[in-house]
C-alpha cells in the first residue's frame, strides 16, 4: 500500500478561533465548523480547522501544551542512568544530578566580597535539533562575586585550576563542548564551512554548514562533546546508522541519513542531511493547543511506522522517539526519524527506569520489566496523540506520577506484570494498590496516597471523539477519527507483548483507508 500523500494544494486550513479559549462571545462552546478545502493551501495548512478531538482547552491546568515542552528536562533523566538508582520517582535530592562532581558553593567567600548581578545566556535553554529556531536565546540574571584587587588573584588561581581540569584544549568550553566559530572550515581539507550554530544538548552541539564538495549543499553536523564515554557513544550511533542505511539503500524508510563522519580537534563529528523543522515546531506554529489536521497525522504516522518496521527488522530500539526527534522537509510532507544517540540492539537492553524521555516512556521501562522494540511503539502512540491534540498525553512529573496517569487512562496493571517488575515495590503495596507520591496541598510535605484502580477513569475515545462532536462530523471524517482512536489504543497496550507491531500498524485501517 503506497504511503498516503499530503497534497500541498489540498490541505484544509486551520480552524479560526472565536477567542482565546475556543468559546463564542456568549460563552457557549461552538460546534465544529464544516471542513473546507483550499485550492492553494500553504504548507502551514496542516493545522486542524475543526476541533474534531475532544481534548481540553488550552486554559485547562490539567493538560500541558505540546508546544511548551522543554526537551532538556529529560536530559536530567538521561544523566540519572549513570547514577545509583532512586526508583521512587520523587524529585532527587539536591546535588543528585551532580553525583561524582565537586560541588562549589557560589555564595561562599569572604564576607567583605562585593557582589553584582549580571545577565547571561540561559544554559538550560538549549536544544539538540537540526533545525534553526526563530526564537532568540533566553537570558537569565545571576548573582556573582565581583572581582576586586583583594580577591582577584585568588579567584584567578581557582578558575585556572578548574579550567585545566575540565578542558583538554582552549577550543573547548569547560563542559567539553566545542567552541564553534562561524566561518570556520572543518573536516578533511576544510570541506565544511560552518555558518550557523543550531544549539546544543546533553551530549553534543549541532551546527549547520555548507559542503564545498557538493556544490555548497547544506548539512547538519553533530559535534560530540570531548569526553571519552560520549565519543564511544557517538561511534555506536554511527555503527547503528550505517547498519540501518545498508538495509535502506534507497532512503525510503524515513530515517535520517548519516552522510559521513570525521574527527576535528578531538571531537567526533557526524554529518547529516539538513532538513527543516522538527514536529514540535510544526505543532507550535501550525497547531498550538488544537493539533494538526488528521490527514497530516495519518501521513506522519505511516512514515513513522515505516521507520519502526525497519528498526524492528534490524533488532534496533530507538529509545527516544518524540516530536523533537522527528524532522520534516520544507514542504511538511515527509518526515525523518533522527537522533539515535540512545539507540541500541535489543540484546543490550539493561533494566533502567530512566530510558526514553519521560512523557514518552513506556510503562515496562518504569516498572523495571524486560523491554524490546515495543517501547518505541508506545512512544509513537504518545507522539501521534500529541500531534492530533496539541497536548501531551502523559505529562507526569515523575515516574510515579507517570504510572498514575497511565493507569487512569489505560487501566490497572495486571498482577503478573506487577509481580515480575523489578521496581514494583516502589510503586505498589502488598495488595497491589498503587502508591501515589504527592505533595500535601496544605503543608507542602511529601505524602503517600493509596490508590485503588479497578478500571480506567476515562478512555481515549471519550477524550478524542466525544458524542456531541461525533454527531456533527461527516461520515468519512468520523470513520477516520474512529480508526485513529483504535490505532492509538493498540499502540498504548500496557502489555508490550500485546502492543501492535509496526508491520501490523502499516496494515491498520487508519493508514490504509
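The values are calculated or read from the model by the stated rules, or taken from the named source; none is laboratory data. Just so it is clear, the model here is predicted, and its values are computed rather than measured. Here the Cβ is made from the backbone with ideal geometry for all residues, glycine too, and neighbour counts use every protein chain on show.
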Exercise. Taking residue 476 and the conditions (1) under 30 Å from residue 307 (Cα atoms); (2) surrounded by 15 or more Cβ atoms within 10 Å (Cβ to Cβ), which numbered condition does it fall short on, given that it satisfies the others?
Worked result: (2)
For this session: Taking residue 453 as the residue in question, decide whether it is surrounded by fewer than 20 Cβ atoms within 10 Å (Cβ to Cβ), part of a loop (DSSP other than H, G, I, E, B), in the same structural domain as residue 311 (by TED's automatic domain parsing) and touching a strand residue (DSSP E or B) at 6+ places or on another chain (Cβ under 8 Å).
Result: yes
Exercise. Restricting attention to segment 473-494, does a residue exist that is out of contact with any helix residue (DSSP H, G or I) (no Cβ under 9 Å at 6 or more places or on another chain) and outside any helix (DSSP H, G or I)?
Worked result: yes
